[in-house]
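Every number in this text was worked out from the coordinates using simple rules, so none of it is lab data. Here the structure is a predicted model, which means the values were calculated and not measured. Here the Cβ positions follow ideal geometry from the backbone for every residue, glycine too, while neighbour counts run over all protein chains shown.
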2 protein chains.
Amino acid sequence: MSPTLSDRKEDVAEAILDAAMKLFVEKGVDKTSMRNIAGSIGYSAGNVYLYFKNKAEILHTLHSRGFQKMRSSFDVLRMVSDPLERMKAMGKAYLAFAAENPQLYNLMFVSMAPMKHLDADCSENWTEGATTFMTLKNTVEECKQLGYFAGHDIEHMSFMVWSTVHGMASLSNAQRINRVKFENPDQVLEKGYEEFCLMLDRLK
Amino acid sequence: MSPTLSDRKEDVAEAILDAAMKLFVEKGVDKTSMRNIAGSIGYSAGNVYLYFKNKAEILHTLHSRGFQKMRSSFDVLRMVSDPLERMKAMGKAYLAFAAENPQLYNLMFVSMAPMKHLDADCSENWTEGATTFMTLKNTVEECKQLGYFAGHDIEHMSFMVWSTVHGMASLSNAQRINRVKFENPDQVLEKGYEEFCLMLDRLK
DNA sequence: CTATATTTGTGAACACTGTTCATTATTATA
DNA sequence: TATAATAATGAACAGTGTTCACAAATATAG
């Protein structure tokens with residue numbers, strides 16, 4: 001079989017995803033339609049359904065790409081040897097990713113739409129989230145092995161850490177911060193996270 | 001002027017809000033249309049626009065009602081004299097509210113739609129959120145006056161606490177927990193919050 | 001090189017959505 | 001009772017996700 005066919009098929013799927021992502025960044029996920037996506041690369045809307053089952057599959061695929069991008073932004077953390085410092089840096093990188101890719105972050109951790117694609121067989125797990133959570137858990141475990149976090153459970157502690165950074169990121173992205181008159185609006189995210197790190201340091 | 005007119009006017013608006021809320025709980029906000037809301041109380045869709053400017057205003061009004069409901073669920077906290085214990089109980093009540101009213105919580109803290117109603121004059125603030133945050137801040141301040149939280153900033157610390165409980169609540173409501181294989185899926189929320197309280201106790 | 005299959009793309013159609021508006025029914029006022 | 005004001009309707013508009021019969025392009029077989 002000539003590779004031309006299947007190669008082109010992947011190229012079109014890729015073009016659809018790229019076009020979708022571009023529009024999502026430009027005008028938001030909600031205000032981007034299938035016709036918008038298809039039209040922006042010179043196709044009809046119906047043709048998109050030859051490459052993706054529905055809109056949810058596009059959202060889920062981009063959601064997965066988001067996790068790839070996030071993981072690659074975590075690469076620098078390998079340089080940090082102390083696990084607690086690494087964990088704190090991981091939180092900072094997480095917050096930076098959410099701030100720099102708000103639409104992507106929303107698909108990964110907030111929107112229900114990408115999860116609907118898994119609903120077909122409900123046994124299927126959210127592997128991307130589970131994998132990312134595992135790397136956090138491993139770091140917490142390393143901390144414990146060094147004697148930190150005495151009296152704390154690894155999994156529950158990890159979930160708490162995740163929740164804190166996700167809470168900050170999602171409140172910010174959902175416009176719930178800029179409409180509350182904080183003393184230092186621009187710094188509240190950074191300073192808030194510093195408070196958290198300060199608490200963690202006391203668990204040494 | 002006879003009160004019959006304006007009274008009925010308020011009644012209809014009330015009926016619309018109640019019908020909307022009922023449908024939101026039953027089948028979710030996204031899958032509830034204006035025609036659904038109007039039809040469920042025997043009206044045409046167009047008539048709803050005599051009582052509410054648009055769908056965003058309905059969502060914003062219910063969002064405000066959500067804050068009323070949440071505040072009333074905070075009433076029991078007056079009984080807790082120690083500010084740190086009160087703050088911990090407040091977090092627990094916050095999590096309980098989010099779990100018991102997921103759709104309402106979404107309107108209050110996650111969805112952009114209710115905020116769009118404020119976008120007309122962007123100077124307007126998110127008073128409901130600001131007020132609720134203030135009660136948390138006051139509690140943190142009381143803690144400081146008792147000598148707790150030494151070296152921590154009141155506002156930044158308050159934001160961090162809010163983020164933690166919001167993170168837990170929103171991850172749970174967004175189906176990001178039940179699809180990750182936790183060791184104890186039913187307890188992770190409760191146990192995770194306990195870990196946070198344990199950290200707070202060390203700041204005494 | 002032609003004839004047949006197969007893949008790829010189209011555009012109309014369906015059942016929805018939020019919103020507007022002329023028209024009608026109802027109610028209140030003079 | 002006649003008039004003015006309010007309340008309610010249903011059609012219309014532009015948009016949505018999705019499906020599907022059909023047409024164009026391409027690949028395969030003889």
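Annotations
- Legend: Rg and Dmax of the range B:97-204, from Cα coordinates, 16.4, 48 Å.
- Quotient of C-alpha Rg and 2.2 N^0.38 Å, computed over the protein assembly as shown: 1.07
- Among A:Glu57, A:Glu183, A:Glu141: highest mean-square fluctuation, GNM of chain A, C-alpha pairs under 10 Å: A:Glu183
- Candidate lysines - alpha carbon under 18 Å from B:Lys144, same-chain residues fewer than 8 apart omitted: A:Lys191, B:Lys88, B:Lys204
- Using the Cβ of B:Ser158 as centre and a radius below 12 Å, the other residues enclosed give a net charge of -3, where K and R count +1 and D and E count -1.
- Normalised alpha carbon radius of gyration of the range B:1-104 [divisor 2.2 N^0.38 Å]: 1.36
- Packing-based ranking, highest mean first, of A:25-38, A:190-203, B:72-85 given that Cβ atoms within 10 Å are counted: A:190-203, A:25-38, B:72-85
- Remark: the Cα gyration tensor places the range A:21-73 in the prolate category, a/c being 1.5 or greater and a/b exceeding b/c.
- Seen from B:Gly66, the other residues with C-beta closer than 12 Å to its C-beta sum to a net charge of +1, counting Lys and Arg as +1 and Asp and Glu as -1.
- Mean-square fluctuations from a GNM of chain B, with a 10 angstrom spring cutoff on Cα atoms, peak among B:Gln175, B:Gln103, B:Gln68 at B:Gln175.
- Area projected by the alpha carbon convex hull of chain B, averaged over all directions, nm²: 15.0
- Modelled spin labels at A:Ser33 and A:Ala99, positioned 7 Å past Cα toward Cβ, are 3.6 nm from each other.
- The calculated P(r) of the range B:155-204, using every Cα pair and 10 Å bins from 0, goes 23, 50, 23, 4 in percent.
- Long pairs among A:Lys31/B:Lys53; A:Lys181/B:Lys116; B:Lys27/B:Lys137; B:Lys22/B:Lys181, criterion Cα-Cα beyond 28 Å: B:Lys27/B:Lys137; B:Lys22/B:Lys181
- The mean sequence distance of close C-alpha pairs (under 8 Å, at least 6 residues apart), as a share of the length of the range B:1-150, puts its relative contact order at 23 percent.
- Global form of the range B:87-139, assessed from the alpha-carbon gyration tensor, a/c cut-off 1.5: oblate
- Span-like helix ranges in chain A, DSSP H, alpha carbon extent 15 angstrom or more, Kyte mean at least 0.0: A:83-100, A:154-173, A:188-201
- Total charge dipole magnitude, the range B:118-204, about the Cα centre, Cβ charges on Lys, Arg, Asp, Glu only, Debye to nearest 20: 420
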